[in-house]
Amino acid sequence: MIPLSNIWIDLINPSHALFFRSLIPELNGHQISVTLRDRAETVDLTKQFGIQGRVIGTDYRDPLKKSLNMVYRTFELYAGAGKFDYAMAFENGMSTLVSNVKRKESILFCDNDLKFIQKTSRIQDLEMKLKLLADHIIIPKACYPLFSQNCKHSEVIPFDGYKEDIYLADFKPDPNFMEKIPFDNYVVLRPEALGSFYVTEKQSIVPYLLHLFWREGINVVYLPREKEDLQYAQGFNEVFIPERPLNGLDLCYHADAVLTGSGTMAREAACMGKKAVSFFPSVVMLSVDKQLMNEGKIFHSRSPTDIVDYVLTGRGNNSRLDLTESKAVKRALVQSVRGILVEG
């Protein structure tokens, strides 16, 4: 029997809400406390999923404000996280630093190995060093080579599949979801995360994509990350911007194609067998994305014309959803987490 522990989970991005929504029920019996950062749809999604958490801090697009806020939020977490035996987070150096200072064990999930090879700022380097303070780092096997080379003091635990598999394993399509969308057919479009430290490009291709989709008569469900992203959609009637966060998995499931300037939604669509496009602003890709690209499950380009041509080819692919592989991935990851808790 696993000894019961107090586990503190800090959520800082929308996909983390999805990830831990799936993982928390597997920690049944443990005492769970949750903090979250007010960034994009993180807070709203957490509420929708019924996860009770305390909002600590926010995020900024401006690099200087972003950096200073990370420092300030770390102090806030130290004071506000409460007592815990284990800290759990996803790609979160703030949580890892707090647990290290408090001399508590930390379990960090990661899938971004780009930061090892693409140096953009001292703040990014510091952020990565803080993450490597984690006692246990759980990663997709595609990331293992770079993490194993750079993690000198952490236990690196690889798993088959992707983080998106963990919450896809529990996905059940909402039969009434399309009532929330004003189109019968659409593509999903999410812009680049231009405010992230590891993104060097500062110009979005979203306006060009929207223009080409308008010209082709393709409806778009547009999901801005920041307030600044709203300007890209001005003047386009065939673009729907949800007033409230929608379930991204349902959006992917019903879409003709999913396009994102980051990676998560493309991987979600790819793991569903849907048409997935990444216009991540770099020729150097995360290992998880490279693997899916090599398997022909993600198309990557920064050319708006090439992207739209790809989307127009074979539209309407609604093959039967098969989550057998995702369920197996989740079982293996949960077993790894439980193993850490038992040993602790």
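For residue 189, the conditions (1) touching a strand residue (DSSP E or B) at 6+ places or on another chain (Cβ under 7 Å); (2) at pLDDT below 95; (3) within 20 Å of residue 285 (Cα to Cα) are fulfilled apart from (2). Scanning the range 75-100 for residues that are surrounded by fewer than 19 Cβ atoms within 10 Å (Cβ to Cβ) and within 15 Å of residue 39 (Cβ to Cβ) gives a single hit, 76.
Scanning the range 101-120 for residues that are surrounded by fewer than 20 Cβ atoms within 10 Å (Cβ to Cβ), hydrophobic (A, V, I, L, M, F, W, C) and without any contact (Cβ under 8 Å) to a residue 40 or more places away in the chain turns up 101, 116.
Kindly indicate which of 15, 5 is farther than 16 Å from residue 340 by Cα, touching a residue at least 24 places away in the same chain (Cβ under 8 Å) and of a type in the set (Gly, Ala, Ser).
It is 15.
Suppose the filter is in contact (Cβ under 8 Å) with a residue 40 or more places away in the chain and either touching a Lys or Arg at 6+ places or on another chain (Cβ under 8 Å) or of a type in the set (A, V, I, L, M) (or both); does residue 78 pass it? Spelling it out, it is not the case that residue 78 is in contact (Cβ under 8 Å) with a residue 40 or more places away in the chain and either touching a Lys or Arg at 6+ places or on another chain (Cβ under 8 Å) or of a type in the set (A, V, I, L, M) (or both). The condition of being in a loop (DSSP other than H, G, I, E, B) and under 20 Å from residue 171 (Cβ atoms) holds for residue 297. Restricting to the range 239-252, and then to whatever is of a type in the set (A, V, I, L, M, F, W, C) and assigned to a loop (DSSP other than H, G, I, E, B), can you tell me which residue is surrounded by the fewest Cβ atoms within 10 Å (Cβ to Cβ)? The selected residue is 241.
Looking only at residues in the range 6-37 that are surrounded by fewer than 19 Cβ atoms within 10 Å (Cβ to Cβ) and small (Gly, Ala, Ser), the one that is nearest to residue 85 (Cα to Cα) is 33. If the condition is being surrounded by fewer than 16 Cβ atoms within 10 Å (Cβ to Cβ) and either in a loop (DSSP other than H, G, I, E, B) or not assigned by TED's automatic domain parsing to the domain that holds residue 70 (or both), then the range 121-152 contributes 121, 152. Anything in the range 25-54 that is aliphatic (A, V, I, L, M), out of contact with any Pro (no Cβ under 6 Å at 6 or more places or on another chain) and farther than 23 Å from residue 102 by Cα? List them, or say none. Passing the criteria: 43, 51. Taken over the range 153-179, residues that are over 21 Å from the mean Cα position of the chain (by Cα), crowded, with 16+ Cβ neighbours inside 10 Å and not in a loop (DSSP other than H, G, I, E, B) amount to 0. Given the criteria in contact with a helix residue (DSSP H, G or I) (Cβ under 9 Å, 6 or more places away or on another chain), in a strand (DSSP E or B) and either β-branched (Val, Ile, Thr) or touching a residue at least 12 places away in the same chain (Cβ under 8 Å) (or both), does residue 288 qualify? No; evaluated as a whole, the condition is false for this residue.
Entry remark, the range 253-270: residues being surrounded by fewer than 24 Cβ atoms within 10 Å (Cβ to Cβ) and assigned to a helix (DSSP H, G or I) number 3 in total. Within the range 101-120, the set of residues being under 23 Å from residue 24 (Cβ atoms) and either outside the structural domain of residue 134 (by TED's automatic domain parsing) or modelled with pLDDT of 95 or more (or both) comprises 102, 104, 105, 106, 107, 108, 109, 110, 111.
The combined condition, being assigned to a helix (DSSP H, G or I) and closer than 30 Å to residue 104 by Cβ, is fulfilled by residue 333.
The values are calculated or read from the model by the stated rules, or taken from the named source; none is laboratory data. Keep in mind that what you see is a predicted model, and the values were worked out from it rather than measured. Reconstructed Cβ throughout: ideal geometry from the backbone, glycine too, with neighbour counts over all protein chains shown.
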